[in-house]
Amino acid sequence: MFKKYDAYLVGYYGMQNSGDDALMYATAWAAKNILGCNNTKVGLYGDYARETQSDNQLPLKFTQQFPGQNRLLHYKTAIQSKRIIFGGGSVLHSESDINLKRQLMSLANQKKSLAVGIGIGPFNSVMAEKSCAKFLNECGYVGVRDNASLAIARNIAPHANVHKTFDLAPLLLCSKQYKPSNRERQGIALTLCSVAIDAMGNTDELEEEKRVEQFVQLITKIYARTGEPITLIEFNGHNVLGDWKINNNIITRLLDKYIPVSIKKYDPNPIALLNKLSGYKAIVSMRLHGSILGYLANTPVLSINYHSKCKGWCDEVGMPEDYKIDLFNLNIEKIVSQIALGVSTTFQQPTLSINNALKNSLSNWSTQNEQFKFYRNYSTV
């Protein structure tokens, strides 16, 4: 059967989330520049008229005109594609979603399909775990971004072609659009988010209120100790699940404190965001890809870890112990002291160099498996 597309790129793309935007951009770039896919299509929710690095865009619907509309759009594109590429993110945790991914591979070509730079689990049911085992055994190549995901994969699918790789985001550095700021760094940025307690995105309102008050204290003390202006960066611009709520609550409580604090709204261009992050003196980040993009921008990051994936990233890059912060045991004075010390003298550095992070990210597209000769001696310099 004639296949119209070299690859169909599937992920949580178009959800107004800067992390997913970065993964989409990186996946499309690698599909074209490393795999040699000359005609790709990316499934994109919502505002799909944007730069994606992909040749074609499939508009998926937030509000479907009939039940199963998006599923049918997925099926049609999968049939027309030589392979499916699942690029980045925590994409293997829900039974229905994993089964859809298995169906897409079967309509394209299972053994030529890839899942790269992904996280596995935690599963929301026993059936989800069983579906994931089937997915891992069926997918031609799987690269997982952290050791926890690798352990899960080896436990549930010991014979699957799964390799430990890295997050995809460092591939943004290969873009010709990336031009880090050469201005003198100024200000402290925070990327904060609400913490969901279920799959529907619901939160514990009392705990959220407590955290807002803690962050107000944190910002107040950072400014008092450093005199640096504060920026709250919106990594998720969703009108319901986005970062606007926690940021607006913080701003409201700071109005009478005369602290120079502002909000940077969600930017759908991950390269532009990366460029902006290179201009701050430090970043305090709850968002995983706030920490990742800050690291790539060579900006000191203190990671407030609310999820295992955040801690996993800290371990991957060798983040200094003083910069690993437990959200559920928040030590405000420790954060303030580390930032004040870094601003006045120098910040500690992660042990993994950015160049090695890029090499690790490129390993998603390289394997000794004879079936996948992807790596084309791409220079990381």
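The values are calculated or read from the model by the stated rules, or taken from the named source; none is laboratory data. Computed from a prediction, not measured in an experiment: that's the story for all the values here. Cβ: placed from backbone, ideal geometry, glycine included. Neighbour counts: every protein chain shown. Surface areas here come from the heavy atoms of the whole protein model, side chains and all, with no ligands, DNA or RNA. Shrake-Rupley method; radii C 1.70, N 1.55, O 1.52, S 1.80 Å.
Odds and ends about this structure:
- Accessible surface computed residue by residue for the chain, with neighbouring protein chains in place and a 1.4 Å probe, gives 44 Å² per residue.
- Spin-label model, Glu209 to Phe62: label points 7 Å out along the Cα-to-beta-carbon direction sit 2.9 nm apart.
- For region 1-100, alpha-carbon Rg and Dmax in angstrom: 12.9, 38
- Crossing angle, helix 308-317 versus the chain [Cα axis fit, 0-90 degrees, rounded to tens]: 90
- Net lengthening on full extension, Ser181/Arg71 (0.36 nm per residue, minus Cα-Cα): 35.4 nm
- Computed from Cα positions, the angle between helix 18-33 and the longest principal axis of the chain comes to roughly 40 degrees.
- Förster radius 51 Å - calculated FRET efficiency between Phe2 and Phe328, Cβ distance, rounded to 0.05: 0.40
- A simple rule links phi to the HN-Hα coupling: the Karplus curve 6.51 cos²θ - 1.76 cosθ + 1.60 with θ = phi - 60°, which for region 347-355 gives 8, 6, 10, x, 7, 8, 5, 5, 4 Hz, with x for Gly and Pro.
- Maximal additional length on extending the Asn248-Asn147 stretch stands at 32.8 nm, based on 0.36 nm per residue less the C-alpha distance.
- Computed over region 124-188: relative contact order in percent, which uses C-alpha pairs under 8 Å that are six or more apart: 29
- Residue range of the chain that is longest and free of chymotrypsin sites (Phe, Trp or Tyr not before Pro) which are both DSSP loop and sparsely packed (at most 12 other C-beta within 10 Å): 63-257
- Folded to 0 to 90 degrees: helix 332-344 orientation relative to the chain principal axis, Cα: 80
- Comparing Pro350, Pro122, Pro270 in a Gaussian network model of the chain where C-alpha atoms under 10 Å apart are linked, the largest mean-square fluctuation is found at Pro122.
- Scaling against 2.2 N^0.38 Å puts the C-alpha radius of gyration of the chain at 0.99.
- Where only DSSP H runs of four or more residues are counted, the chain gives -12000 deg cm²/dmol as its mean residue ellipticity at 222 nm, each run worth -39500 (n - 2.57).
- Whole-percent carbon and sulfur share, accessible surface of the chain, 1.4 Å: 50
- FRET efficiency, 1/(1 + (r/R0)^6) with R0 41 Å, evaluated for Asn355 and Val195 via beta carbons: 0.75
- Full extension of the segment from Leu255 to Thr346, taken as 0.36 nm per residue of separation minus the current Cα-Cα distance, would add 29.7 nm.
- Most mobile of Ala30, Ala196, Ala128 in a GNM of the chain (Cα contacts under 10 Å): Ala196
- In loop segments of region 265-358 as defined by DSSP, the trypsin sites (Lys or Arg not before Pro) with at most 13 further C-beta atoms inside 10 Å of their C-beta are Lys265.
- Charge sum, other residues only, whose C-beta stays under 12 Å from Leu293's C-beta, Lys/Arg counted +1 and Asp/Glu -1: -1
- The chain: most fluctuating residue of Val144, Val317, Val126 per GNM, C-alpha cutoff 10 Å: Val126
- Here region 274-329 is treated as an ellipsoid with the same Cα gyration tensor; its semi-axes, largest first and in whole Å, are 18, 10, 10.
- Relative contact order of region 188-350, pairs being alpha-carbon contacts under 8 Å that are 6 or more residues apart, as %: 23
- A cut-off of 5 Å between modelled amide H atoms, ignoring neighbours fewer than 5 places along the same chain, links Lys264 with Leu232, Ile233, Glu234.
- Kirkwood Rh in Å, taken over all unlike Cα pairs in region 188-350: 15.9
- Of the GluC sites (Glu not before Pro) in region 162-252, the ones in a loop by DSSP (not H, G, I, E or B) with at most 11 other beta carbons within 10 Å are Glu184.
- In Hz, Karplus ³J(HN,Hα) per residue of region 301-306 (6.51, -1.76, 1.60; θ = phi - 60°; x = Gly, Pro): 10, 10, 9, 8, 8, 10
- For region 52-104, the equivalent ellipsoid derived from the Cα gyration tensor has semi-axes of 17, 17, 12 Å, listed largest first.
- Hz values of 3J(HN,Hα) by residue in region 172-178 - Karplus curve (6.51, -1.76, 1.60), Gly and Pro given as x: 4, 5, 7, 6, 5, 7, 6
- Coil-residue trypsin sites (Lys or Arg not before Pro) of region 134-194, DSSP, other Cβ within 10 Å capped at 13: Lys176, Arg183
- Simple spin-label estimate for Lys164 and Glu51 in nanometres, 7 Å along Cα-Cβ: 3.6
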